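**Q** Quick one: the structure is below, and I'll ask about it shortly.
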Amino acid sequence: MKSGTNVSGPNSGRQGSWSVASGVGYVDFVIDELLLQPATYEVSTAIIDRGHTFDFADREFGLRVRGRGYQEPGLTRMPGLWRRTSRGAPDRHRAHFLRRRTVSAER
């Protein structure tokens with residue numbers, strides 16, 4: 001991917017603080033399901049603690065995502081369910097969306 005778009009920025013600090021023993025070691029970042037669309041991405045990574053940068057690798061790793069079957073447009077897949085409602089009053093959220101869409105269409 002050559003656009004320079006930041007697709008995601010996971011941060012271990014969001015899980016709370018944790019200690020690391022001194023010495024040689026590594027940290028794994030585990031992703032249960034990668035929702036990226038097929039492309040080649042450039043990966044940056046850093047080790048930062050309280051504003052101090054210990055290591056930084058900017059776009060030094062390539063990640064090639066291969067597709068299987070149907071692909072959606074965009075950078076990621078957005079899993080979800082499509083629901084169809086037969087006649088009847090729309091729910092509160094749908095009514096709000098329809099009002100906003102109607103107002104936008106008048107401009």
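The values are calculated or read from the model by the stated rules, or taken from the named source; none is laboratory data. Every value quoted in this text rests on a predicted model; they were computed, and no experiment measured them. With ideal geometry, Cβ positions are generated from the backbone for all residues, glycine too; neighbour counts draw on all protein chains shown.
**Q** Report every pair of residues separated by at least 6 positions or lying on different chains whose Cβ atoms are under 7 Å apart, first residue within region 54-65 and closer than 16 Å to residue 9 by Cβ, second surrounded by 10 or more Cβ atoms within 10 Å (Cβ to Cβ) and of a type in the set (Phe, Trp, Tyr).
**A** Taking only residues 6 or more apart or on different chains, the pairs are 63/41.
**Q** Another one. Does residue 63 fit the bill of being aliphatic (A, V, I, L, M) and surrounded by 10 or more Cβ atoms within 10 Å (Cβ to Cβ)?
**A** Yes; evaluated as a whole, the condition is true for this residue.
Per-residue answers, yes or no, for (1) on the phi > 0 side of the Ramachandran plot; (2) part of a loop (DSSP other than H, G, I, E, B); (3) at pLDDT 85 or above; (4) small (Gly, Ala, Ser):
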{"position": "10", "(1), (2), (3), (4)": "no, yes, yes, no"}
{"position": "23", "(1), (2), (3), (4)": "yes, yes, yes, yes"}
{"position": "26", "(1), (2), (3), (4)": "no, yes, no, no"}
{"position": "29", "(1), (2), (3), (4)": "no, yes, yes, no"}
{"position": "32", "(1), (2), (3), (4)": "no, yes, yes, no"}
{"position": "42", "(1), (2), (3), (4)": "no, no, yes, no"}
{"position": "45", "(1), (2), (3), (4)": "no, no, yes, no"}
{"position": "57", "(1), (2), (3), (4)": "no, no, yes, yes"}
{"position": "62", "(1), (2), (3), (4)": "no, no, yes, yes"}
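**Q** If the Cβ limit is 9 Å and pairs must be 6+ apart or interchain, which residue in region 66-88 that is on the phi < 0 side of the Ramachandran plot and touching a residue at least 12 places away in the same chain (Cβ under 8 Å) pairs with which residue that is part of a loop (DSSP other than H, G, I, E, B) and β-branched (Val, Ile, Thr)?
**A** 75/5; 75/7; 76/7
**Q** From 101, 14, which residue is in a helix (DSSP H, G or I), modelled with pLDDT under 85, over 24 Å from the mean Cα position of the chain (by Cα) and among the charged types (D, E, K, R)?
**A** Selected residue: 101, the only one of 101, 14 that is in a helix (DSSP H, G or I), modelled with pLDDT under 85, over 24 Å from the mean Cα position of the chain (by Cα) and among the charged types (D, E, K, R).
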